[in-house]
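I have placed the structure first, in the form of structure tokens, so that the comments after it can refer back to it.
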Protein chains: 2
Amino acid sequence: MALNEFDDLKIVALAGGVGGAKLAHGLAGVLPPENLTVIVNVADDFELYGLTICPDLDTVMYTLAGIASPETGWGIAGDTFHCMESLIQLSAPAWFRLGDRDLATHLARTRRLWDGETLTQVTRHLCASLGIGPRILPCTDDLLRTIVETDEGDLEFQEYFVRRKCDPAVRGFILRGKEAALPTREFLAALEEADAVVFCPSNPLVSLGPILALPGVRERIAGANTVAVTPIIGGRAVKGPLAKMFSELGRESSAVEAAREYRPLLRGFVLDREDASRTGEIESLGMRVETADTLMRDEPGRRELAARVLRFAQSLAAE
Amino acid sequence: MALNEFDDLKIVALAGGVGGAKLAHGLAGVLPPENLTVIVNVADDFELYGLTICPDLDTVMYTLAGIASPETGWGIAGDTFHCMESLIQLSAPAWFRLGDRDLATHLARTRRLWDGETLTQVTRHLCASLGIGPRILPCTDDLLRTIVETDEGDLEFQEYFVRRKCDPAVRGFILRGKEAALPTREFLAALEEADAVVFCPSNPLVSLGPILALPGVRERIAGANTVAVTPIIGGRAVKGPLAKMFSELGRESSAVEAAREYRPLLRGFVLDREDASRTGEIESLGMRVETADTLMRDEPGRRELAARVLRFAQSLAAE
């Protein structure tokens, strides 16, 4: 891409975990850091051993800091699990794998929350310590939790996702706290200033859904220039349970269904080349479609897709 | 010693940190496990990162489990500090050194406390997981905290002990919570059954003092067969700030002063050979005196001293 091609573009990216973190990393690679704000889902946060654990925030932070574990998609590259090994010896719950270095994030975060800082403030401190340039913001400082309704009863998200490995069949979702939770002032201000809002390739039901459910967010986004990258390629979620969820909810496991989930907020949808045949269906939802290789196999792949998305957004703005 | 020499002896040992743990370990080596109850100080417990940390309980547990770090006197042998290294990178407080495996104890304990277990119950679980035979009991399940009054103001015990390395001059102590804290039922029941109560070589001011300050404890101990091992050898505390504290409080740094602190509870006092010349002074406090090598350089040394203490207690009971 041309040097400084996107220097005047202010972007808000909405992200969940691994897929969102990868595109956010790509965006961080092509945008000036001060022009990128990544809004992250907190509805799969949870408490373990009295610690506040924010899996999506951590994945985005670690990925942008360049320390994310490439093998697992969570945690820190090269981390050890000595604490975990001892927890198992002490018969303590060990279903959520906590690396020794990763644990420091949870400890430092929990301590600052106990000291009265908001999650937004805590995240700012953690990002500064990790040398992260772009702004990473939790979508809310309030309690917001996805409960997964399954054929085996209601499960907290991480119970479903990690402990039960997405095995129970999904019947629906409850977003606990949505009546009281507010988007942060920083989130709303970033939306006001944004030239485009990028929906990263995250789960529309449980990752971006909770962000969009916060009061006032859909209304503000509705007027913005919006582009989503498909979280589904060829009927499969790249990572995570989205395809399985769609199927269990009686819906098609497809990019079209993901696009439908964001209607009427989206102006543009980036479809994977593999699904190019579905272009017409998505256009009929009222979206422009761009096809691209969306898999982001490596870091150049993340930047390429990011640049592609930004150019697509610019073209939509010019219409 | 003769095989099974102490099989009929039920012992309660009062212990603080390293010195107390060593003698408790010696006692565990010569007594049937079911005949030994170690009552541990909790007044230097504290909260860090939202975790409940019990330094004396941990030192006693790790020592009896055979996993204590011999170099440091705290923590687990061969532990790593990866979490700590990351905490430092995250600008989080790192003055209290938390090993990765040690951290598992604090996490497991905190989780069980949050689940509503008492510290007594939690400690029982941890001891069972660590394969510890004798019973280790916190002296109370209630809040009890030593505040050190110093020339630089009041400090929580670990702030004084670890963060400030015992540097500020001590003016006195406040035992926060002593109006409301109760000794546990298990502690009192063990006292009722005990043939002898052993005061381990721990700090009488801040380790055994808080145990003895609990309501009803002194009264119950006053009628028992009681023996203390000196925490001071030749004017020096073997480990910890006792000699410095005595000096700053205008008292002599000596075994005699330590014995005086326990008056009138003690029947017998084990003095180090090095201090044999002070025998008469301690006898004038109303105690029998036994001299021994009290330093416990190695594990056989712990058992030898333990056997010596028990025989001394038996001889007092026979009087």
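The values are calculated or read from the model by the stated rules, or taken from the named source; none is laboratory data. Keep in mind it's a predicted model, so treat the numbers as computed, not measured. Note that each Cβ is placed from the backbone with ideal geometry, even for glycine, and that neighbours are counted across all protein chains shown.
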Go through the residues of the range B:176-187 one by one and say whether even a single one is touching a residue at least 24 places away in the same chain (Cβ under 8 Å), of a type in the set (A, V, I, L, M), in the same structural domain as B:Val18 (by TED's automatic domain parsing) and out of contact with any Asp or Glu (no Cβ under 9 Å at 6 or more places or on another chain). no
What's the number of the condition A:Asn4 fails, among (1) in contact (Cβ under 8 Å) with a residue 60 or more places away in the chain; (2) more than 9 Å from chain B (Cβ to nearest Cβ); (3) over 21 Å from the mean Cα position of the chain (by Cα)? (1)
Number of positions in the range B:90-109 that are at pLDDT below 95 and surrounded by fewer than 24 Cβ atoms within 10 Å (Cβ to Cβ): 8
Matching residues in the range B:76-133 - criterion: being within 14 Å of A:Thr80 (Cβ to Cβ) and β-branched (Val, Ile, Thr): B:Thr80
If I filter the range A:59-89 down to residues being without any contact (Cβ under 8 Å) to a residue 60 or more places away in the chain, out of contact with any strand residue (DSSP E or B) (no Cβ under 9 Å at 6 or more places or on another chain) and farther than 26 Å from B:Ile76 by Cβ, which single residue comes out as nearest to the other protein chains (Cβ to nearest Cβ)? A:Gly66
Just one of the numbered conditions (1) touching a residue at least 12 places away in the same chain (Cβ under 8 Å); (2) within 14 Å of chain B (Cβ to nearest Cβ); (3) surrounded by fewer than 23 Cβ atoms within 10 Å (Cβ to Cβ); (4) over 20 Å from A:Val162 (Cβ atoms) is not true of A:Ala128; which one? (1)
For the range A:147-167, check the following and say yes or no: at least one residue is in contact with a Ser or Thr (Cβ under 7 Å, 6 or more places away or on another chain) and not in a helix (DSSP H, G or I). no
Go through the residues of the range B:145-157 one by one and say whether even a single one is of a type in the set (S, T, N, Q), within 14 Å of chain A (Cβ to nearest Cβ) and under 19 Å from the mean Cα position of the chain (by Cα). no
Looking at A:Gly250 and the list (1) surrounded by fewer than 17 Cβ atoms within 10 Å (Cβ to Cβ); (2) closer than 17 Å to A:Val227 by Cβ; (3) not aromatic (Phe, Trp, Tyr), which single condition is not satisfied? (2)
Applying the selection to the range B:218-247, what residues are free of Cβ contacts under 8 Å to residues at least 60 places away in the same chain, over 19 Å from B:Glu281 (Cβ atoms) and buried (at least 20 other Cβ atoms within 10 Å of the Cβ)? B:Ile221
Do any strands (runs of 3 or more DSSP E) entirely within the range B:24-132 hold 1 or more residues that are more than 20 Å from B:Met296 (Cβ to Cβ) and of a type in the set (A, V, I, L, M, F, W, C), and if so, which? B:46-48, B:51-53
Complete set of residues in the range A:77-115 that are small (Gly, Ala, Ser) and over 24 Å from A:Gly20 (Cβ atoms): A:Ser86, A:Ser91, A:Ala92, A:Ala94
Taking the options B:Leu103, B:Leu113, name whichever one is under 25 Å from B:Ile211 (Cα atoms), aliphatic (A, V, I, L, M) and within 14 Å of another protein chain (Cβ to nearest Cβ). B:Leu113
Total residues in the range A:49-76, condition modelled with pLDDT of 90 or more and either β-branched (Val, Ile, Thr) or over 14 Å from A:Gly16 (Cα atoms) (or both): 13
So which residues in the range B:46-68 are farther than 24 Å from A:Asp102 by Cβ and of a type in the set (S, T, N, Q)? B:Thr59, B:Thr63
Test for B:Leu90: is it outside the structural domain of B:Gln158 (by TED's automatic domain parsing) and within 17 Å of the chain's Cα centre (by Cα): no
